[in-house]
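Novice: Take a look at the following structure, please.
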Amino acid sequence: MPFSAQPPASGERYALSASLDNARHLSSLLRAVHFQDHATCLATASGLRVTVEDAKCIQANAFIQADIFQEFSVQEESVIFRISLSVLLDCLTIFGTSSLPGTSTALRMCYHGYGYPLMLFLEEGGVVTVCKINTQEPDELLDFDFCSTKVVNKIILQSEGLREAFAELDMTSEVLQITMSPDKPYFRLSTFGNAGSAHLDYPRDSDLVEAFHCNQTQTNRYKISLLKPSTKALALSCKVSIRTDAQGFLSLQYMIRNEDGQICFVEYYCCPDENITEAELEEKQLLSFQISSPLLSSPLPPLPLLRREEKRREEEEKR
């Protein structure tokens with residue numbers, strides 16, 4: 001009997017219970033935010049959010065909507081706890097990171113409430129493993145307050161364009177400089193490494209740009225060491241929304257489609273780096289060169305959120 005069809009033991013009432021027919025749907029998303037050992041899990045009626053932070057400068061959130069699960073039940077308005085993400089991933093992949101064709105690891109996840117461990121029941125090929133992971137008091141999380149009214153600039157790209165950028169730019173640079181502007185260069189990524197400065201430009205009418213909405217010119221720098229963990233999510237994603245607010249805080253929202261075609265999101269927030277000045281960057285440059293991206297043009301759609309854009313495209317395909 002699938003875990004989703006199994007009732008809880010008599011008299012047991014869980015604050016959180018959830019079932020997945022394929023545990024890889026969860027483990028792959030969690031690996032995309034696994035750059036620290038511990039994470040804070042928040043469950044509400046809408047789904048599960050797993051948050052990881054580092055040095056109060058970067059925050060990653062993996063969102064798994066309730067309809068991704070075969071069963072998802074939260075008995076309280078919200079359930080929150082801190083857990084070792086490393087241990088959780090080890091348990092989710094206890095049968096291995098890849099399964100034989102036609103097989104998958106089924107998961108049932110239960111949590112009684114404050115002070116109790118998170119229990120995982122994993123089954124593959126008739127073998128059931130039970131894991132109990134201690135939970136902790138959650139830490140206070142940063143609130144980047146990235147509501148739509150505070151967003152100054154936003155660009156939606158196909159992820160392949162950003163993957164190419166990270167492959168071409170000089171990662172010996174301490175910072176990645178991002179310029180977003182209603183005028184040329186529109187969207188520019190710059191690094192300042194051992195060999196000099198490198199710039200990668202994206203025209204607003206590029207095939208890779210699905211939406212372009214810039215209200216003012218902004219140039220901000222972000223430590224590459226903080227942005228590198230986001231490449232895990234970038235590798236899994238099909239689209240990315242890049243947003244900045246008036247203070248230069250950066251949001252990278254990745255749309256990820258799992259093996260069953262379901263959509264989940266991973267979002268990274270990063271603080272701008274205000275310690276490195278232009279003079280310090282110039283001292284490190286030995287030469288300067290520019291890489292232009294030979295991108296074709298295409299008409300721009302109206303600016304949506306990633307979810308709204310995806311729904312619009314699906315409706316057009318149905319027609």
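The values are calculated or read from the model by the stated rules, or taken from the named source; none is laboratory data. It should be emphasised that the depicted structure is a prediction, and the values quoted were computed from it without experimental measurement. Positions of Cβ are generated from backbone atoms using ideal geometry, with glycine treated the same way; all protein chains shown enter the neighbour counts. Remember, those area values only see protein heavy atoms, side chains included, never the ligands or the DNA or RNA. Shrake-Rupley method; radii C 1.70, N 1.55, O 1.52, S 1.80 Å.
Novice: Eigenvalues of the Cα gyration tensor times 5, then square-rooted: what semi-axes does that give for region 151-276, in whole angstrom, largest first? Working shown, then result.
Specialist: On the way: eigenvalues 94, 59, 42 Å².
Square roots of five times the eigenvalues give 22, 17, 14 Å.
Novice: Moving to a separate point now. Hey, can you grab everything whose amide H is under 5 Å from the amide H of H38? Only 5+ residues off in sequence or another chain; H modelled, so Pro and N-termini drop out.
Specialist: For H38, whose amide H was placed from the backbone, the distant partners under 5 Å are L85.
Novice: What is the list of residues in region 24-44 whose amide nitrogen lies under 16 Å from a point 7 angstrom out from the Cα of K56, following Cα to Cβ?
Specialist: none
Novice: Can you check how the C-alpha radius of gyration of region 16-136 compares to 2.2 N^0.38 Å, as a plain ratio?
Specialist: Working: Rg = 13.8 Å, N = 121, 2.2 N^0.38 = 13.6 Å.
Scaled against compact globular proteins, the figure is 1.01.
Novice: Name the residues whose placed amide hydrogens come within less than 5 Å of the amide hydrogen of A211, ignoring near sequence neighbours (fewer than 5 apart) on the same chain.
Specialist: Here I156 satisfy the definition.
Novice: At a 1.4 Å probe radius, which order do H112, H25 fall into by accessible area, largest first?
Specialist: Of H112, H25, the descending order of accessible area is H112, H25.
Novice: Same structure again: Before I look further, what does region 46-112 give for accessible area per residue, probe 1.4 Å, in whole square angstrom? Before the final figure, lay out the partial values.
Specialist: Values: 2870 Å² over 67 residues.
That works out to 43 Å² for each residue.
Novice: Amide H of V175 versus every other amide H placed in the peptide plane: which residues, excluding those fewer than 5 positions away on the same chain, fall under 5 Å?
Specialist: Sorted by chain and number, the residues that satisfy this are F192, I224.
Novice: Let me ask you something else. Multiply the residue gap between D37 and D183 by 0.36 nm, knock off their C-alpha separation, and tell me the result in nm, one decimal place.
Specialist: Numbers: separation 146, 0.36 × 146 = 52.56 nm, distance 4.21 nm.
Answer, rounded to one decimal: 48.4 nm.
Novice: Turning to a different aspect of this structure: Would you check the accessible area of T219, probe 1.4 Å, heavy atoms only, in square angstrom rounded to 10?
Specialist: So the heavy atoms of T219 present about 70 Å² to solvent.
Novice: Let me ask another. Give the ranking of E76, E140, E210 by solvent-accessible surface, highest area first, calculated with a 1.4 Å probe. Write down the numbers at each step before the final one.
Specialist: Working: E76 105, E140 155, E210 15 Å².
Sorted by accessible area, descending: E140, E76, E210.
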